[in-house]
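Notes to accompany the following structure.
The values are calculated or read from the model by the stated rules, or taken from the named source; none is laboratory data. For clarity, every value in this text was computed on a predicted model and none was experimentally measured. Please note: Cβ atoms are built from the backbone with ideal geometry, for glycine as well, and neighbour counts cover all protein chains shown.
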Amino acid sequence: MAAGQRWAYNLNVLALVCMLAPLVGALAVQATGDLPCPLCLLERAGMFAVIIGLVMNLRLGLRPAHYGFSMAGALVGMAIASRQVLLHINDPPGGGYGGEVLGLHLYTWALVVFVCFLAGTAVLLMIPGGLGRAGEAPAEGASWHAHRPARVASYAALAVCAVNALLAFAECGPGQCPDDPAGYWIFGR
């Protein structure tokens with residue numbers, strides 16, 4: 001049992017790092033002046049929910065409710081990303097909203113990330129003994145205090161989420177975001 005729990009815990013750390021990649025990439029694209037649209041911001045919110053569920057797993061222990069929270073965020077994000085992909089499905093090559101990374105728009109990458117996360121979570125939940133038993137202490141190496149990479153990845157993920165949220169507020173302000181943002185609300189657009 002302990003080996004399955006350790007394995008699942010380490011895979012949660014890996015999933016957290018993998019969820020960080022698109023958010024950091026989106027920040028890099030945003031730094032070039034390509035501001036996210038409202039649907040892009042909602043996709044990022046879905047990624048935040050996935051990250052929060054993973055951090056809860058790492059901090060509070062592997063629980064079905066934490067996986068459920070992450071999966072709900074991924075399903076919402078996947079629905080939003082699917083809508084955006086379908087909005088631009090007939091655009092000519094090079095069309096669509098925003099730039100491309102490796103030939104795909106960021107919203108298409110978001111869809112890929114959400115689908116991969118859901119598939120990975122399904123596999124993760126099938127690891128024998130991966131959740132442990134209720135009331136049982138976590139396996140050696142599968143606890144917050146004994147696993148420095150889990151703490152570092154969690155704090156980094158929460159910091160990236162906070163930066164994304166602050167930039168979203170700077171872009172949109174307290175009201176509705178413009179469909180095609182041209183500047184930051186905080187700077188008077």
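Screening region 54-72 for residues that are within 14 Å of the chain's Cα centre (by Cα) and in contact (Cβ under 8 Å) with a residue 40 or more places away in the chain and picking the one that is nearest to Leu131 (Cα to Cα) gives Tyr67.
Screening region 80-133 for residues that are crowded, with 20+ Cβ neighbours inside 10 Å and aromatic (Phe, Trp, Tyr) and picking the one that is nearest to Arg63 (Cα to Cα) gives Phe117.
Within the set Ala159, Ala153, Ala165, the sole residue that is surrounded by fewer than 14 Cβ atoms within 10 Å (Cβ to Cβ) and in a helix (DSSP H, G or I) turns out to be Ala159.
Please verify whether Gly25 is in contact with a strand residue (DSSP E or B) (Cβ under 8 Å, 6 or more places away or on another chain), within 21 Å of Leu118 (Cα to Cα) and part of a helix (DSSP H, G or I), treating the condition exactly as stated. Yes; evaluated as a whole, the condition is true for this residue. Taking region 73-109 as the range and being touching a residue at least 24 places away in the same chain (Cβ under 8 Å), among the small types (Gly, Ala, Ser) and over 18 Å from Pro178 (Cβ atoms) as the test, the residues that pass are Gly73, Ala74, Gly77, Ala81, Ser82, Gly99. Return a yes/no flag: does region 68-90 have any residue that is in a loop (DSSP other than H, G, I, E, B) and closer than 17 Å to Trp109 by Cα. Yes, that holds for at least one residue. In the set Met126, Met56, only one residue is at pLDDT below 90 and among the aliphatic types (A, V, I, L, M); that residue is Met126.
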